[in-house]
Structures are given as C-alpha cells and as structure tokens.
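For reference, the structure is listed below as structure tokens.
Coordinate-derived values only; no laboratory data. Source: prediction; values computed, not measured. All Cβ positions, even for glycine, are placed from backbone atoms using ideal geometry, and neighbour counts span all protein chains on display.
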Amino acid sequence: MNHSIETENLSLWYGDFQALMDVSVKIPDGQITSLIGPSGCGKTTLLRCFNRVNERYGNVTTEGKIEVLGKNIYDADVSLPELRKAVGMVFQRPNPLPISVYENILFGLRIHSPMRSITRADADEIVEEALKSVFLWTDLKDKLKTRATSLQLEQQQKLCIARLLPLKPKIILMDEPCSALDAKGTRAVEELMEILAGTYTFIIVTHNMAQARRVSKECIFMFLGELIEHRETQALFTDPQHEKTSDYVHMRYG
Amino acid sequence: MNAMMTRALRKQERVSQCITFIILGSVGIPIWNVLQKTYAADTEAASAATPLNTLSPPLDNLYTVLSISFVAILFGIACAFYLQEWLPQTNWVRRFIESIVAILGGVPSIFYGILATGIFFSYAGTLKTIGVVRAPQGPGDGAALESLSFPHDTPVFYIVVLTFILMVMPLTIKTTQAALRSVATPIREAAYALGASHWQVLKTQVIPIALTQILAAGCRAMSSALATVALIFGIYVWQYTDAPGEMSNRFVLFLSSALLFSIFSSILIKLCTSASADPAHPTR
Ligand SMILES: Nc1ncnc2c1ncn2[C@@H]1O[C@H](COP(=O)(O)OP(=O)(O)OP(=O)(O)O)[C@@H](O)[C@H]1O
Ligand SMILES: [Mg+2]
C-alpha cells in the first residue's frame, strides 16, 4: 500500500515546550484516517506540520523527517505554495474569506496563476464544478455573488472544502471540521468526505469517537504528544492494545 | 437575531449616517466661505505688496509643517505595517517602538500643541531680546509677523516640525496597528493554507479589510495636526493682532478642517464597525 504521508521521529517544540515526541506514522493513500486523543495532546500540531503552517507561529522547532507524497517537505527546494496546494486544510471554525462565494472558490487558483490568466468562462466552469462536488450548486447557484461569510455554517464549511478542489490537492487535512456544526451539518460533511475519499487522502482530527468510527478506515490515538496506537479503526475501538487507548475509548478521561 | 430586528437596526444606521452627513454639510458650507475669503485676502495682500500686510510668511511655515505631518502620517502607516506584519512580537525593535508609541500616543494632542506653540513663540521672543528682529512696536505692527516667520533652515523650524512628527506618528502607528490586528487570524490562515504568500495575503485580504480603519487613522492624525496649527494661529491672533480679521479667518479655517477630518474619521470607523457588527457577518 502507498503512503501519502510518512513521518519519522518527528518532534516539535513550541519554545521549550515539547508538543510532539518522536512521532512516526504512515498515512495510507486515498482513505480517511482519523486522529483522536484528549485535548492538548498535539493533534492539531501534528496536522499543521503536514503543510508547514505551524511555522507561522515563529517559536517552533521541528526535528525529524516528514515526507509528503514521497518528498521531504523540509528540503530546501520545496516551495511552500506548491506544498500547500497539494495539501489542503479545513479548519475547526468555517473560515471562508470575506468575499463572494464565487471569489472564494477561485481564490486558490488566482494566487497560483499569473494575473488575469483565468478566463471568465473557465472561472464559471471551475466554480460550478467545485460547488457540484460538494453538493452546494443547487443551493448556491443563485447566490454566487453573496458574501461567503453570510451563508449558513454548514454551507460555509462545505464551501471551505470546495475551495480546495480547484487546486487539485492530493491530501485534505481537517481539524475538527464538524465541531461548529449541528448533527445535520455534521452528517452532510461526513457523507461528503466518504464520497471524496477515493480521490483524496483525508486526515481528520475529531473529538467525536462515533464520528471516527463512522468515517475512518484507520485511526491514530495520541496522548501527550506521543503516538500511542495506529490501527484499523474498528480494531482500535474494539480491541485496543494499549491501556491508555482503552481508557480513552472507554471515556475514562473526560 | 431575527430579520425584523436586523432591518430596524439597518434603518437606524442609515438615519444616523444621514444626520452625520447633514451636520458635516452644515459645517462644510461656512468653511467654504472662509476658504474663499482667505483666498481673496491673500491675493489682495500679495497685490498690495507692502510688507506690513503680508500674511504669508508664518502661513508658509505652517503649511510646510502640515505637509510634513502628512508625509509623517504616510510614513507612520508604513512603519505600522512593518512592525505588525513583518517583525515578530518578540523582536526588540518592535517592542521598543511599541512602548514609545504607547507612551507618546497616550499624551493628548493639546500638549503637543502647547509645546509647539511655546517653541514657536519663545523663539520669536529670543530673537527679540538678542535684537535680531525688531520687537513689535504696537499692535498690528508688521514686524511681529516678520519675527514669526523662520527660514526653513533654522533649528527652531525643525523643532516645531519634530513636535508635529512626535504627535502624529505614534497616533498613526497605534491606530494602524490596531486596524491590522483586527483582521482576524482565521482569515489570514485560510489564505496561507491555500498557498498564498505573505504579500498576497496582505494585498488580497488584509489591506482591503483594514483600509477603512487605516484611512480613519490617517484622518484622525491629520485632524490633530490641523487642530494644533489652529491653536498656534489662535494664540497668534490673540497676541499679535488688533485687527484679527484675516488671521482669525485662518484660525477658523484650520480649526474647522480639523473638525472635518475628525468627523470624517469617526464616520469611517462607524462604517467599519457597523459592517462587522452586521449579524449576517458574525465576527470571530
Ligand atoms: N502556538 C503555540 N504556542 C505554544 N504552545 C502551543 C501552541 N499551540 C499549541 N500549543 C500547545 O501544544 C500542545 C498541543 O496543542 P494542540 O493544539 O496540538 O492540541 P490538540 O490535541 O489539537 O488539542 P485540542 O483537542 O484541544 O484541539 C498543547 O499543550 C498546547 O498548549
Ligand atoms: Mg486542536
């Protein structure tokens, strides 16, 4: 089996606080992998390593190796825009840009292509295709000019997924994508992930164990910056190998 | 919040904005009158060409001071961008400048006004005592005017200019930084995560969002510069002229343009706060 992401002894410090300790993990291609663990165990941190958005904090030191799509992302010849084009990210709170729905979807393409190189017809087609892939087209086809921030939260979050698609990413990172949504919105986003899973590799951080069981094929359990267990989701939940995992999946840590 | 409520709020907004514009207009018309009168007085004075009636030298100085303040405001905006967007919070230069700005920015601009006025007039006083210029013989004597006009290369001119820069820069830096900070992190992160470069994030997101507030910051600073110039004129009128006609016109002119700038900046601020308080665009 191929791996989209491989880390080896990845350690990360915020200042002198160590948030990740020797994490070695292989994320399989074209599947949904979930990342669970108690609050503050470094799930977000690990996720943010994969497209190097962590570096923006300024006080971050990283050690070890991260290979994304077979390439070490700390190599000198890696271009950050290209990396982030290949590795999309969806955040905990839907964060569409405060511009129109239409421009939100084109934003990624526009920053990656020379000025005015996208024709109007192409743009229309790209927007339509992206919105259709996330099943928003019928709802939004008459609202393309409205501000994306005025949509319902669920639509906003789907839009945040849709705006990644024109860039043709290989991997989509999701940090608690449903925590701001209600049950219906959650279900909609989950279904969307399941449909897209063949085409994209998903990594989803979640506090909702039922969600991890529903959507993911493999599951990673982390605890205080360490990777404790990484197995098939069903196996991890029904037959945890580590005491900490078993405590967690049986809700023994709030 | 329900739709009815929202509509009521919007209506309130509109009404209050209309009222502000009416106030603005009613201030604007007298200013326009004064402007035209001063212009007429200036051309008259110039054609009369007697040094006693010349009003331009001190004015000349103050106009220079104003244009330098304007440049200082632009420079302050640039500084704020550099501090906020390029230097990390831990950088000592940033911390140093920010602490200076915090101290100076808290000083009400009237103190700078008094300081500048003091320098302006005490210098004239010094010149009188050392006999470089003739002391005014009586009210309305043209010598008083002469004594108040400094060649642009004298140190005192630079001290006055420096006072103005010290006044407008911290104000601009502080408010511009606040405007930049108000662009929510999630927006920036969204753009970065899509692969935008720092410059692209600034150009496509940060600047469009913060522009109104930055403009407001500039206007506020310009307003305090104008008010200070008005103060200098006011004191001049009060001290040195007995027929304060044209001079007090100028005083009114500067003071009212200061007021205009300040109202304009408040309107800008109002506009952007009402945009972000719009329930359809929740802030986070
Ligand atoms: N920018 C930062 N600077 C310093 N410490 C940080 C920073 N971000 C996170 N941390 C710390 O690193 C640890 C891991 O944080 P992280 O956000 O990755 O946890 P998490 O597993 O995502 O938690 P949650 O479930 O609450 O989202 C926490 O102890 C947190 O306090
Ligand atoms: Mg987190």
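Once label points are set 7 Å from the Cα along Cα→Cβ at both A:T238 and A:L80, what is their separation, rounded to one decimal in nm?
4.6
Tell me, Kirkwood radius of region B:62-105 from alpha-carbon pair distances, in Å?
On the way: mean 1/r = 0.0869 Å⁻¹.
Roughly 11.5 Å, rounded to one decimal.
Which whole-Hz ³J(HN,Hα) couplings does region A:60-75 yield from phi under the Karplus relation 6.51 cos²θ - 1.76 cosθ + 1.60, θ = phi - 60°, glycine and proline marked x?
Ordered by residue, 3J(HN,Hα) equals 9, 10, 10, 10, x, 10, 10, 10, 10, 6, x, 10, 5, 6, 9, 4 Hz.
Please give every one of the lysines within straight-line cross-link reach of A:K244, meaning a C-alpha to C-alpha distance under 28 Å, and leave out same-chain neighbours fewer than 8 residues apart.
A:K26, A:K43, A:K65, A:K217
Give or take rounding to whole Å, what are the principal axis extents of the alpha carbon atoms in chain A, in descending order?
56, 43, 35
Identify which of A:S100, A:S117, A:S24 has the largest mean-square fluctuation in a Gaussian network model of chain A, with springs joining Cα atoms closer than 10 Å.
Maximum among the listed residues: A:S117.
Can you bin region A:65-197 into rounded, prolate or oblate? Criterion: square roots of the alpha carbon gyration tensor eigenvalues sorted a ≥ b ≥ c, rounded for a/c under 1.5, prolate for a/b above b/c, oblate for the rest. Could the numbers behind the result be given before it?
Values: a/c = 2.01, a/b = 1.21, b/c = 1.66.
Because a/c hits 1.5 or more and a/b fails to exceed b/c, region A:65-197 counts as oblate.
Using a 10 Å cut-off around each Cβ of peptide A:88-101, what is the average number of partner chain Cβ atoms that fall inside? Show your work: numbers first, answer last.
Working: counts 3, 5, 2, 4, 1, 3, 3, 10, 3, 9, 10, 5, 0, 0.
Per residue, the average neighbour count from other chains is 4.
Just to confirm the number: angle between the C-alpha axis of helix A:153-162 and the first principal axis of chain A, 0 to 90 degrees, nearest 10?
Its long axis makes an angle of about 90 degrees.
Work out from phi, with θ = phi - 60° and the Karplus expression 6.51 cos²θ - 1.76 cosθ + 1.60, the ³J(HN,Hα) of each residue of region B:88-99, listed in order in whole Hz, and give x for Gly and Pro.
Going residue by residue, I get x, 4, 8, 4, 6, 4, 4, 4, 4, 4, 5, 6 Hz, with x marking Gly and Pro.
For A:S100 and A:W13 in one chain, what is 0.36 nm times their gap in residues minus the Cα-Cα distance, to one decimal in nm? The partial results should precede the final answer.
Working: separation 87, 0.36 × 87 = 31.32 nm, distance 3.81 nm.
The A:S100-A:W13 span can extend by a further 27.5 nm.
Mind checking which lysines have their Cα closer than 30 Å to the Cα of B:K174? Skip sequence neighbours fewer than 8 apart in that chain.
Answer for B:K174, where 30 Å is the Cα cut-off: B:K203, B:K270, listed by chain and number.
I need the phi-derived Karplus couplings for region A:168-184: 6.51 cos²θ - 1.76 cosθ + 1.60, θ = phi - 60°, integer Hz, Gly and Pro marked x.
So the Karplus estimates, Gly and Pro as x, are 6, x, 9, 10, 10, 9, 10, 9, 6, x, 10, 5, 9, 10, 7, 4, 5 Hz.
Please give every one of the lysines within straight-line cross-link reach of A:K158, meaning a C-alpha to C-alpha distance under 21 Å, and leave out same-chain neighbours fewer than 8 residues apart.
By straight Cα distance, A:K158 reaches A:K85, A:K132, A:K141, A:K143, A:K145, A:K168, A:K170, A:K184.
Let me confirm one metric for peptide B:204-217, namely the mean number of other chain beta-carbon atoms within 10 Å of its residues' beta-carbons. List each step's numbers first, then the result.
Working: counts 6, 4, 0, 0, 2, 3, 0, 0, 0, 0, 0, 0, 0, 0.
For peptide B:204-217, the averaged partner shielding equals 1.
Take every residue in peptide A:104-111, count the Cβ atoms of other chains within 10 Å of its Cβ, and give the average of those counts. Walk me through the numbers on the way to the answer.
Numbers: counts 2, 0, 0, 8, 6, 1, 4, 9.
Other-chain Cβ atoms within 10 Å of each residue's Cβ, averaged: 4.
Taking amide H positions as placed 1.01 Å from N in the peptide plane, with prolines and chain starts having none, which residues 5 or more places from A:G64, or on another chain, fall under 5 Å of its amide H?
A:S11
Can you list, largest first and rounded to whole Å, the semi-axes you get for region A:25-114 by taking the square root of 5 times each eigenvalue of its Cα gyration tensor? Spell out each step's value before the answer.
Numbers: eigenvalues 114, 68, 42 Å².
Semi-axes from the Cα gyration tensor: 24, 18, 15 Å.
Which residue fluctuates the most in chain A, going by a Gaussian network model with Cα springs under 10 Å, if the choices are A:K168, A:K143, A:K184?
Greatest mean-square fluctuation among the candidates belongs to A:K184.
According to a simple spin-label model (label point 7 Å from Cα along Cα-to-Cβ), what is the distance in nm between B:N91 and B:R181?
1.7
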